[in-house]
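**Q** Just passing along the structure, written as structure tokens.
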Amino acid sequence: MQTPRLEIDLAKIHHNTQTLVELFGSRGIGVMGITKVVLGNHQVAKVMVRAGINLIGDSRIENIRKMLKAGVDAKFALIRTPAVSKAEEVVKYADMSLNSELAVVRRLSHFAERLKKIHEVVLMVELGDLREGMPPDELEDTVHEMLSLPGIKLAGIGTNLACYSGVRPDKQKMEELSSLARSVEDKFSIALDVVSGGNSSNFEWFYEEDEVGRINNLRLGESIFLGCETLNRKPIRGLFPDVVTFVTEVIESKIKDSVPSGDICQDAFGKVPSFEDRGRIRRVILGAGRQDVLVPGLTPLSDVDILGSSSDHIILDARKEQLEVGDEVRFRLNYGALLAAMTSPYVERTFLPL
Ligand SMILES: *Cc1c(COP(=O)(O)O)cnc(C)c1O
């Protein structure tokens, strides 16, 4: 089999998805399955649907289009607030989008009317993380304007925390979102279908609070693929942490010094490196590097140490492992490493079947 490659275990994705759908569902919270980290892979999306997901969210309209074409049977939401220039495609391919700019919603309305579609909009509210979302005091006016736009249905409101600034989605933030939902409903005499409280970082809030209020949706990616919450990256009990494995191959294995010889200047990335003297060691070179993966996001699954990397190489201290040329070395990945490896054109993907 080719290396480097990602091995993606579809049975584990099924298990993690089903477990989370049941857990959150038990208290009235629906899960939007987020596929952006697997670039909208249709096999993964189909497994998520089989595990109980009926709403799939992705940040890229290209990915949504791909999934539609592959026959993924779900409703699709664009979760990165759309660009004006993509409004037509968004209406064409996505059933729903998250939005924070009225100018964009107007364009969505224009195309929805033209394409004779109803496009659902979730208005994003900024609650402290300072990425997307309107200040809460803009919400009423925005809703007021939106309700008169043809082709647009106000599906609900949402917020996103712990992504850019790491702000915790705690009881107070979630109560704030609930109360905004209630006040919009009261003021305009409408019912909001969706009150979307956040992402995988909301696990702790869900676990610790008795009341979920009006929150009835979470958008989950990382907890499905890495089996953890994302405030402290603690494993979630009952989920597989090892859905995806990065597999590399030894291209050189030799006993060498651990400290270089000669005058040390900048390395290939403009840093002056420093070295720990481990004496003479078995230095193993793997045929994968920074063009393939985010190396600091890798954790070896055998007893070896990553010493460093360059564009095309990862260098290991093999310690007591007998690694020969042609042997495979396997790693767990964090979110950044998974994202980089999925996005690299050099990394193969193999799927372990359901
Ligand atoms: C990526 C993303 C998510 C999913 O986040 P995870 O931490 O992977 O669960 C949810 N909402 C938005 C807006 C996102 O961009």
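**Q** Among the numbered criteria (1) in contact (Cβ under 8 Å) with a residue 24 or more places away in the chain; (2) within 16 Å of the ligand (Cβ to nearest atom); (3) out of contact with any strand residue (DSSP E or B) (no Cβ under 9 Å at 6 or more places or on another chain); (4) not charged (D, E, K, R), which one does ALA83 miss?
**A** Going through (1) in contact (Cβ under 8 Å) with a residue 24 or more places away in the chain; (2) within 16 Å of the ligand (Cβ to nearest atom); (3) out of contact with any strand residue (DSSP E or B) (no Cβ under 9 Å at 6 or more places or on another chain); (4) not charged (D, E, K, R) one by one, ALA83 breaks only (1).
**Q** Quickly run through the stretch 200-216 and pick out the residues that are within 16 Å of the ligand (Cβ to nearest atom) and either surrounded by fewer than 22 Cβ atoms within 10 Å (Cβ to Cβ) or modelled with pLDDT under 95 (or both).
**A** GLU204, PHE206, TYR207, ASN216
**Q** Return a yes/no flag: does the stretch 177-192 have any residue that is within 16 Å of the ligand (Cβ to nearest atom), more than 13 Å from ILE29 (Cα to Cα) and either aliphatic (A, V, I, L, M) or in a helix (DSSP H, G or I) (or both).
**A** There is at least one residue in the stretch 177-192 that is within 16 Å of the ligand (Cβ to nearest atom), more than 13 Å from ILE29 (Cα to Cα) and either aliphatic (A, V, I, L, M) or in a helix (DSSP H, G or I) (or both).
**Q** Residue by residue through the stretch 135-167, note down the ones that are among the aliphatic types (A, V, I, L, M) and not in a helix (DSSP H, G or I).
**A** Within the stretch 135-167, LEU147, LEU149, ILE152, LEU154, ALA155, ILE157, LEU161, ALA162, VAL167 meet the criteria.
**Q** Still on this structure, I have one more. Residues being part of a loop (DSSP other than H, G, I, E, B), of a type outside the set (S, T, N, Q) and modelled with pLDDT of 90 or more: count how many of those fall in the stretch 248-268.
**A** Summing the residues that are part of a loop (DSSP other than H, G, I, E, B), of a type outside the set (S, T, N, Q) and modelled with pLDDT of 90 or more in the stretch 248-268 gives 7.
**Q** Any residue in the stretch 278-295 that's without any contact (Cβ under 8 Å) to a residue 24 or more places away in the chain: show its pairings with residues that are in a loop (DSSP other than H, G, I, E, B) at Cβ separation under 7 Å, as long as the two are six or more apart or on different chains.
**A** GLY279/SER258; ARG290/SER310; ARG290/SER311
**Q** Would the stretch 159-167 turn up any residue that is touching a residue at least 12 places away in the same chain (Cβ under 8 Å) and away from the ligand (no atom under 16 Å from the Cβ)?
**A** Scanning the stretch 159-167 turns up no residue that is touching a residue at least 12 places away in the same chain (Cβ under 8 Å) and away from the ligand (no atom under 16 Å from the Cβ).
Table: residues versus (1) under 26 Å from GLU88 (Cα atoms); (2) over 20 Å from the mean Cα position of the chain (by Cα); (3) buried (at least 18 other Cβ atoms within 10 Å of the Cβ).
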{"site": "MET124", "(1), (2), (3)": "yes, no, yes"}
{"site": "GLY158", "(1), (2), (3)": "yes, no, yes"}
{"site": "CYS163", "(1), (2), (3)": "no, no, no"}
{"site": "MET174", "(1), (2), (3)": "no, yes, yes"}
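**Q** If the Cβ limit is 7 Å and pairs must be 6+ apart or interchain, which residue in the stretch 22-33 that is over 14 Å from GLY213 (Cα atoms) pairs with which residue that is of a type in the set (Ser, Thr, Tyr)?
**A** GLY33/THR17
The values are calculated or read from the model by the stated rules, or taken from the named source; none is laboratory data. If you're wondering where the values come from, they're calculated on a predicted model, not measured in any experiment. Positions of Cβ are generated from backbone atoms using ideal geometry, with glycine treated the same way; all protein chains shown enter the neighbour counts.
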